[in-house]
Amino acid sequence: MVYGEHARLREALGGYLLGALSSEQDELMARHLAVCPDCEQELIAMVDTAAAFTLLGDPPPRRPSPRN
């Protein structure tokens, strides 16, 4: 695989996670992940991070700015 192609695929991992890729891109990414442990691990880290955000719940209400 050419480095530029790998870099493009790595940059598209977030889109893959969100389901934002075309079916052709999705298939290409799935094939790439099957043979690239680095990208697979990065995707796993993204999934774990997204899951952690769901545990945080809603953010607290914002305080009014002291300048107002």
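What follows is calculated from the coordinates using simple rules that are stated; it is not laboratory data. Here the structure is a predicted model, which means the values were calculated and not measured. Here Cβ is always computed from backbone atoms with ideal geometry, including for glycine, and neighbour counts include all displayed protein chains.
Each of residue 48 and residue 24 was given a label point 7 Å from its Cα along the Cα-to-Cβ line. The distance between the two points is 3.5 nm.
Residues of the range 14-45 with an amide N closer than 19 Å to a point placed 7 Å from the Cα of residue 3 along the Cα-to-Cβ direction: 36-39. When peptides 14-20, 60-66 are ranked by their average number of other Cβ atoms within 10 Å per residue, the highest-first order is 14-20, 60-66. The residue list 45, 56, 3 was ranked by how far each Cα lies along the charge dipole of the chain toward its positive end, using unit charges on Cβ atoms, and 56 comes out on top.
Between helix 37-56 and the chain there is an angle of about 20 degrees, using the helix long axis and the longest principal axis of the Cα atoms.
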